[in-house]
Structures are given as C-alpha cells and as structure tokens.
Amino acid sequence: MKLIFEKSAPDRRAVQPGPSDVPASINIKKALLREKPAELPELSELDVIRHFTELSRRNFGVDTNFYPLGSCTMKYNPKVTERIAAYPGFAHLHPLLPQLRMGGMLTQGALRVLYETDLFLREIMGMAGFTMQPLAGAHGELTGMMIMAAYHRDKGNKKTTVLIPDSAHGTNPASAAIAGYKVRTIGTTENGFMELKDVEKALDDDVAGVMLTCPNTLGLFNPHIRDICDLIHSVDGLAYYDGANLNAIVGKARPGDFGFDIVHINLHKTFATPHGGGGPGAGPVGVIEKLLDFLPVSIVVKRDDGTYALEYDRPKSIGYVAPFYGNFGIILRAYVYMLMLGKNGLKRVAENAVLNANYVKEKLKKHYKLAFDRTCKHECVFSVPESMLGKSVHAIDIAKALIDRGFHPPTVYFPTNVKEAMMIEPTETESKETLDAFVEAMIEIAEQAKAEPDMLKNAPVTTPVSRPNETAAAKHPNIASL
Amino acid sequence: MPFISNTTEQQKEMLAEIGLGMDDLFSDIPSEFLDKPMNLPDGINEQNVRNKLAELADKNSINLTCFLGGGFYDHFIPAAVYSVVSRSEFYTAYTPYQPELSQGTLQAIYEYQSAICRLTGMEVANASLYDGGTAMYEAMMMALRITGRNKVIIDDSVNPINRVMIDSYTQNLQIDLEETHCADGLANRKRIFRKIDDKTAAVILQNPNFFGCIDDFSDIAEAAHKKGALLIVSCYPISMGILKTPGEMGADIVTGEGQSLGMPMSFGGPYLGFMASRMKYVRKMPGRIVGQTTDRMDRQSYVLTLQAREQHIRRDKATSNICSNEALCALTALVYLSLLGKQGLRETAQICADKASYAYKRLTAIPGVEPHFKARWFFNEFVLDLPCEAADVIAKLIEKGFAAGFPLSRYYEKMENSILICVTEKRTKQQIGMLAEALESVL
C-alpha cells in the first residue's frame, strides 16, 4: 500500500485555515523562518479518509478479533466511555485553568472525577492514597521507584538494590535502573514462584525493596506473598506491587492486605480503557499511609465546604512526573467503568477472567505442554511440546497459524523463564462460544503440526503481508520517508 | 453483569467441565484476604452514568474565551481527525508485536515518524513518548548515553512545566544540571558559552520559548559541537509551519509536546511527546521505532525495529523503561498534519502569528500595559507587564468571561505583574477587541 506522501498532488487541499480576519501584519525576520515549507502531503479530505480507512482494515483489534494476548488484558472497551470522554466539558478543558486564582472553581467536575477515582482505587487496592499522574504502566513503576527512593532518602537509609523475580516484565528492572537502583534477580523455582528462602538469601541491608506482580506472569498466586512482604519490611524495605495482573483479583482481594506498600494500576488493562495501538494508557500509583507525603504534586483534596481543590504544598513530594493531573481522558473512562460495574460487577470481572483462563487451560492441556499444572488466575502459560519442536514447529509458528484462523495470538516467548512460552489471557468479556472456537483452532494447529508442519511455517497467508524480514529491518534501518 | 458475556448457565457449565467451583478457583489466595467488604457504590446503567457525567461536565467552565497557552493550546481540530481515530480497528488494538495483523498501526506510525522528521528537519523519529516533558527528559538521558558525560545546561526560557519534571526525574541520578537565566527573552548566550565545556553532554533550549519569543540557536549548536556536546531543542509543532527548524539550526535531538496537532486539551492528557534525531544516534534513541522492510514475497511491510534497545530485551540495561506510549495520539497528529497539508500548516502558523501580533498591538495600546521583553519577534504568545499584579487581573477577567493568560509569577521571580498571553487561529478579531476592552476596564 502506498505511503500517504505518495498520494500527494500539488495544490490539493483538505482543510482551509484562512482567510484570517486580522491584517497579515507580521513579517518575522527571514533568518528566523524555515527555508521551505515542511513536505507534508497535499490531499483532499476524501484522500485522507480513504487512506486511513484502508489502513484500519489492516489491523486486528478487540472489536474485530479475539485477542488473548497474555499480560495485556485485552478486554472489551465500552463505547459509552468514548462518548463521555468527548463531552466538551471535559475535552475542551485547559489544564492550566485551576492554576489561575479562582480557576479551581471552574473545573469542579473534573477535579471531582480525579478525587473519586482516587477514593475508588484506594478501596480496591487497600492503599491510603493515589497519584493519577503516571501516564502508563511503566511510568507508574518509575514513579513508584522514585517514591521508594524518596522514602529511603528521607529516613537516611543507604539502599542500593531492588529485588526482582526473573519472571517479571522487562519494564520492572528497567524502571528500577532508571530510578538509580541496582537490580538483583531472583529465580523462579519449579513451583512457579519466587520462594521465601531465595528472598531470604538475597536480602541484606542494601535492599530498598522488591517489585512483584501478584499473581505473577505465570498466572500463579504466590501463597507466601504476605511472608515475602514481611521479610522485605524487616530490613525497612518496601514492597512494590506491579498491577499488570490485577484483573485476576480486582474486587476479590487487595494488595494492601498482602503487605504491599506501593502499587501501580494499568487502567488500560483492568479498567477497560482502550489500548490505542500502544497507548495512551494510565498508571496511577497508590501508597500506604507512611508514604503519602512523597506522592507527586499536585493532589486533589476535598474542602470542608464540599468543593475540590489542588494541593501544591507538598515539601517531601518527589515532584512532577507529568505536566498536570495525568492522562485525564483515560482516568475519566476508567472512572465511568467503575461507576457502571460497582462493587459486585468488579468482583465478577475477576471471577469470570479466572474462570475463562482455567477453562482454556483445561481444554488445551492435552494438546500443549502446560508450564504449571494447577489452578491459574487470569492467564495460563503453555509451551510447545517436544513432539512439535521435533518437527521444527515453534511458538512463533503456532502464533502465525492462529492469525490465519482469525485469532490474535497469545503472548509468545514470555515469560522468559518458560521455553517456547505461549501466554493466554482470555479476559472476562469473552464468551464460552469464542473460547471454544479458539480452543478448536489451537487443537487443529496441534494436529497440523503433526501432519503438515511446513504449512505452519508459511503462516500467515490470509494477511496483507506475510512474515516481514525483521533482521533486514534492524540491519539497515529505514524509519522515515524523507 | 455489564460487559461479561457468559451467562450464569454457561458459567456453571464451564465450572462443571473443569470440575471446580468458583470458590475453588480462588482457593490459592489465603482466605483472610478474600472478599473483604469494600466501600464502593453499586453499579449503575449507561443511561444513569451518562446523566451523571453530563452533570459533572457542566461543572467545568469551558465557555471562557481562551488566551491561555503555556505549551498547551486551543487549536481548531477538523472533524475528520475524530472520524479516523474513532475507528476501533485502531483504538482497540495493542502494541503491534504481530506485524502481519498490525500493518495499519505500523504503517501509520512509520508515516508519523516521517511527518515529524519533515516537520522538524531531522532524519529519524520514534513512535512517541508520553508527553513533551518526558520527551525532553528522555532526550537528556539519550545525550548522556551518547557522550558519556553528565553535565547538562538548560535555559530558564524552557517551559518550566518541563523543567520541574526533569528536576523530579533526576533526583536520584548523578547529573550536574545547570540552569541559565534567559537574557531579555532569549537564550542567554553569554552564560551558556561560558558553561559549555568538555564535561557537557547537552544544552537544552526551546523555540519559540516559553515566553513565545523566537530565537535561532545555530550559534549555540556550533559552540556545543565544538566541545563535543549535543544541542537538544524543544519546539512547538504548529510553529514549524513557518519557523526555522531545529534541524536547520544544527540540533542533534528535537523534542516537543504534540498536543497542538489535533488533540483536545482534555484537562492535561492524553498528549503526545515527540522525539527526532540524527540517523547516527538512532540506536541510542528511547521508545518504540517502526521500520520499513519486506515480507517473504517482497512486499513492502512494516515492523517494530531496533528492539535490542528496549526493556523487554535488555531489562535493566535498556535505553528507557518505556513500553506503552501514545500511539493513538501519534496517529491523531499524523491525520491532523495530513488534513492540513503543506499549505494548511503554513497558513495556520501564519494566522496564529498574525493574530498574536494584532492582539499585541491592541493590548499594548492600553495605558499602563507594556511589553516585558525588548526581543522583537514572537510567534503566538507574548509577555506583557501590567500596572498591578497579573494574578489579580486574570481573576477579574475570569469574571468577565476570559481565560486571559498565565501569571508568570507562578514560575518566575520578579514577574508578579507579567502575563503570558496566547492567541491561536481560533480567536477572532472581535474576541481580541473584547479582551482589550475588558482588560482596560479592570486596570
């Protein structure tokens, strides 16, 4: 398909900004101007619409296909949230307005959304307070690590190291490193967990804290989670909860009760805001009482007269990780979702997410190698059986074959501590019929792997392109048409 | 239950098939943690939630005539932008890890990267970062990696909202961050030249700067390069319709806040951080990058590339921790730029500058209102000194229906009487006239 630049024709126009109602009065010095206008395409509005409509048809989304991408929680995104985010009262609100004197009174609706989202998240997570600033999950992790560092600095602790299990998302070690910490990796035992004794062995006074997902990326809940948190607390360390897998327990159990001190939530996972093809998301961070002072500036507070205001006077705060109050449009969508589900609805989310994952796990375990054969939470991890590997069929081939059958593949080759991993997360919004069709496709692929493995190596054949040459792309990068 | 597809009957069937009860599915969680009461409201239906939120939206005053900018702008957004980005094939997709079923997102991001390069006069761009402030911080970290040095010079004419973010992000890092105080509205050459040495990784500047003044950093680029340091320039993308590009000035990394490219102000986000650089630094760049390649049948195709830099491969050695970024906002920017096109962006920028210039003339004609800087050229924002405290005047003008500008005392010493006023193409001659009358009446 042609690039949009290749469809350009001189003097073709879509939007006409002029004419202006003021005289063209300014003649900026020529040396300050660009030599030639930017080579943007010249198109009609129809050209633009056709181009992007055609591109959109080259995409899978949750609205078009089942998307069991493990650890990404690709649930259905309710349309009402899109509608509400576009209300002019929210969409056209300038973020600097509340920073003007009297301005806070002009944004009471938006401040209330932020305040109540904070209250809801406190209840759900068992935390004392949240910041809405972090703009994505990894950004929440970084914010959490900055809070951890601020706490230790404030107490005069000399801490250098964060403990992270080998099954963690890559963002965990990256976030800890960017916040200035060294990372000590802890292995996963054959139980699928980071064991208490290994934490004990890795623990010393240098340890600032631990970063954990719970359930972990294998979809397993560590029954010793409270003991691990206690152990970390014994050296005045802090326990950080990565909320990537919150969908497994939302409304059912609270990380604060497990002993966690800092949490982040991916609103674009558990709280159903759209993933946008890779953002925007939102990653609010919650903390327990003793860490409240370190949360970023500003915080929404409710005054005695029932009005809402922004509090800026926070001397111990880590400062600003976003220009304003976070990705407000995303927070708003999550708020609407929480209002609609209510406490019972949220609980049903976790129950059905876990039920769907266990159903798929049980249906597939005769055909693929289950990494850990026990009750899973919101996702299950398989690996490719030896019999298939013997025929040179790998996880990537199974993934591509699923595409031809109309399914987005699971996450493959992650977690990295399972060889040839396939991580399936169906989410609660999918029906039994969809799961059955997916299971059937997976079984069909397993059979094809025995009978005609070469067919799988060629998949996908139904997509606009077949497997692109990634090695060539990285060797001679062409990342812009100039 | 809303948004759950399985019926109660199906749930029972499924449990029967796996031979467990619902409670069994959670038996691995210690019972002391399970099903504790939560103080949350009961759920409500769509009709009620829309009514409730419409009420809250009404409590936000969006009817003020907006002369407030400060890096976040009230520009016109063509309807076709919404039309494209509301296609759920785009907005309900995830990061394009599986290229065959993500060619739509991937080609769009490749085109976005190309558009950002063309706009800024650079050679490579990434797929987006969270916002302009994070992009500036990431550019600084990139410069530290490239040079192996740890001193950074930043002028205080750079948006203070970005500077406070950089201060926060670098609290735990050993970085020698030195600020220079701008000279009459332009980057302070004297101080910057004195500070650039062989420990300097980068100089960070902004054009047009926070005060709206237009500068040319070619001389600073040259001075930085002589000492092996990089020049990082943050720019306002709409101004690139007419202004000299950071690329033409010799910048090594360009960043900026992309909100003005078709995104509503939405009370602070979602926005778009963009970043562009030189081909020789591409492997040091943070964030996702889309590259063009071919498939097995030699068809042009697009993939996420240079992933060896990233957190899911390099973990604690990655160039950045960034994972999800602002892909849909990048698409928004691309659609906006495609609709405006080569002539439309130039005209929009020119109209902004013309209207700001007109407003400047009208407002400085009011007795007691003076320009703060002698610097002659500004884009669509300018600083005026009032005869009394700006915050007071702004509060009075709110009552008259104007968000008249930003009081600079919020971030700068000795600027109690200074106001930053912004004019976009959306403001009419009549509105500007009414602002002038209102201002005169409250002084």
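Among the numbered conditions (1) more than 8 Å from chain B (Cβ to nearest Cβ); (2) buried (at least 22 other Cβ atoms within 10 Å of the Cβ), the only one that A:Met146 does not meet is (1). Could you please let me know if B:Thr147 is out of contact with any helix residue (DSSP H, G or I) (no Cβ under 9 Å at 6 or more places or on another chain) and either of a type outside the set (D, E, K, R) or crowded, with 23+ Cβ neighbours inside 10 Å (or both)? So B:Thr147 fits the description; yes. Filtered by the rule that a residue be at the interface with another protein chain (Cβ under 7 Å from one of its Cβ atoms) and surrounded by fewer than 18 Cβ atoms within 10 Å (Cβ to Cβ), the stretch B:53-72 gives B:Ala54, B:Asp58, B:Lys59. Applying the condition of being out of contact with any helix residue (DSSP H, G or I) (no Cβ under 7 Å at 6 or more places or on another chain) and of a type outside the set (Asp, Glu) to the stretch A:195-206 and asking which residue is surrounded by the most Cβ atoms within 10 Å (Cβ to Cβ) yields A:Ala202.
Every condition in (1) at positive phi; (2) surrounded by fewer than 18 Cβ atoms within 10 Å (Cβ to Cβ) holds for B:Gly341 except the one numbered (2).
When restricted to residues that are within 11 Å of chain A (Cβ to nearest Cβ), farther than 11 Å from B:Thr65 by Cβ, in a loop (DSSP other than H, G, I, E, B) and out of contact with any Phe, Trp or Tyr (no Cβ under 9 Å at 6 or more places or on another chain), the stretch B:384-443 contains 1.
Applying the set (1) within 14 Å of another protein chain (Cβ to nearest Cβ); (2) under 30 Å from A:Ala150 (Cβ atoms) to B:Glu248 leaves exactly one unmet item: (2). Summed over the stretch B:240-293, the residues that are assigned to a helix (DSSP H, G or I), on the phi < 0 side of the Ramachandran plot and buried (at least 24 other Cβ atoms within 10 Å of the Cβ) give a count of 3. In the stretch A:325-343 there is at least one residue matching the filter, namely being at pLDDT below 95 and either within 19 Å of the chain's Cα centre (by Cα) or in a helix (DSSP H, G or I) (or both).
Of the candidates B:Ser234, B:Ser301, the single residue that is within 8 Å of chain A (Cβ to nearest Cβ), at pLDDT 95 or above, touching a helix residue (DSSP H, G or I) at 6+ places or on another chain (Cβ under 9 Å) and in a strand (DSSP E or B) is B:Ser301. Consider only pairs whose beta carbons are under 8 Å apart and that are at least six residues apart or on different chains; among these, list those whose first residue lies in the stretch B:274-290 and is outside the structural domain of B:Glu111 (by TED's automatic domain parsing) and of a type in the set (S, T, N, Q) and whose second residue is assigned to a loop (DSSP other than H, G, I, E, B) and buried (at least 20 other Cβ atoms within 10 Å of the Cβ). That search, which allows pairs on different chains as well, returns nothing. Looking across the stretch A:181-202, just one residue is polar (S, T, N, Q), under 19 Å from A:Ala244 (Cβ atoms) and not in a strand (DSSP E or B), and that is A:Thr188. Of the helices (runs of 4 or more DSSP H) contained entirely in the stretch A:95-180, those carrying at least 3 residues that are closer than 30 Å to B:Leu68 by Cα fall at A:108-125, A:137-155.
Pairs meeting the criteria (first residue in the stretch A:24-45 and crowded, with 18+ Cβ neighbours inside 10 Å, second residue modelled with pLDDT under 95 and of a type in the set (Lys, Arg), beta carbons under 8 Å, at least 6 apart or on different chains) are lacking. Within the stretch B:44-63, residues that are among the aliphatic types (A, V, I, L, M) sit with their Cβ atoms under 6 Å from residues that are part of a helix (DSSP H, G or I) and surrounded by fewer than 18 Cβ atoms within 10 Å (Cβ to Cβ), at 6+ positions apart or across chains, in these pairs: B:Ile62/A:Pro88. Can you spot a residue in the stretch A:354-364 that is closer than 16 Å to B:Ser5 by Cβ and charged (D, E, K, R)? The answer is no; no qualifying residue exists. Taking (1) more than 7 Å from every other protein chain (Cβ to nearest Cβ); (2) farther than 19 Å from A:Ala24 by Cβ; (3) surrounded by fewer than 24 Cβ atoms within 10 Å (Cβ to Cβ) in turn, B:Lys361 satisfies each apart from (2). For the stretch B:32-51, filtered to residues that are in a helix (DSSP H, G or I) and either facing chain A (nearest Cβ under 7 Å) or at pLDDT below 95 (or both), the residue that is farthest from B:Ser266 (Cα to Cα) is B:Phe33. Name every residue in the stretch B:364-400 that is farther than 27 Å from A:Ala24 by Cα and touching a residue at least 40 places away in the same chain (Cβ under 8 Å), in order of residue number. Those that are farther than 27 Å from A:Ala24 by Cα and touching a residue at least 40 places away in the same chain (Cβ under 8 Å): B:Pro387, B:Cys388, B:Val393, B:Lys396, B:Leu397, B:Ile398, B:Lys400.
Out of B:Thr319, B:Thr305, B:Thr348, one residue alone is outside the structural domain of B:Ala93 (by TED's automatic domain parsing) and either touching a His at 6+ places or on another chain (Cβ under 9 Å) or farther than 22 Å from B:Pro264 by Cα (or both). It is B:Thr348.
Residues checked against (1) at pLDDT below 95; (2) assigned to a helix (DSSP H, G or I); (3) over 30 Å from A:Glu430 (Cα atoms):
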{"site": "A:Asp257", "(1), (2), (3)": "no, yes, no"}
{"site": "A:His268", "(1), (2), (3)": "no, yes, no"}
{"site": "A:Pro274", "(1), (2), (3)": "no, no, no"}
{"site": "A:Ala282", "(1), (2), (3)": "no, no, no"}
{"site": "A:Leu292", "(1), (2), (3)": "no, yes, yes"}
{"site": "A:Pro296", "(1), (2), (3)": "no, no, yes"}
{"site": "A:Pro315", "(1), (2), (3)": "no, no, yes"}
{"site": "A:Tyr320", "(1), (2), (3)": "no, no, yes"}
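Assessment of the stretch A:54-67 against the conditions (of a type outside the set (S, T, N, Q), assigned to a helix (DSSP H, G or I) and either facing chain B (nearest Cβ under 7 Å) or surrounded by fewer than 22 Cβ atoms within 10 Å (Cβ to Cβ) (or both)) yields at least one matching residue. Within the stretch A:121-141, restricting attention to residues that are under 11 Å from A:Val321 (Cα atoms) and more than 7 Å from chain B (Cβ to nearest Cβ), the residue that is farthest from the chain's Cα centre (by Cα) is A:Thr131. Within this structure, A:His169 fails the test of being in contact with a strand residue (DSSP E or B) (Cβ under 8 Å, 6 or more places away or on another chain) and more than 9 Å from chain B (Cβ to nearest Cβ).
Condition check ((1) buried (at least 19 other Cβ atoms within 10 Å of the Cβ); (2) under 24 Å from the mean Cα position of the chain (by Cα); (3) modelled with pLDDT of 95 or more; (4) assigned to a loop (DSSP other than H, G, I, E, B)) across all residues:
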residue	(1), (2), (3), (4)
B:Gln174	no, no, no, yes
B:Lys190	no, no, yes, no
B:Phe193	no, no, yes, no
B:Asp197	no, no, yes, yes
B:Val203	yes, yes, yes, no
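Looking only at the stretch B:321-365, count every residue that is farther than 21 Å from B:Leu420 by Cα and modelled with pLDDT of 95 or more and tell me the total. Residues in the stretch B:321-365 being farther than 21 Å from B:Leu420 by Cα and modelled with pLDDT of 95 or more: 22 in total.
The values are calculated or read from the model by the stated rules, or taken from the named source; none is laboratory data. Because the structure is predicted, anything quoted here is derived from the model rather than measured. Cβ sites come from the backbone with ideal geometry, for glycine too, and all protein chains shown count toward neighbours.
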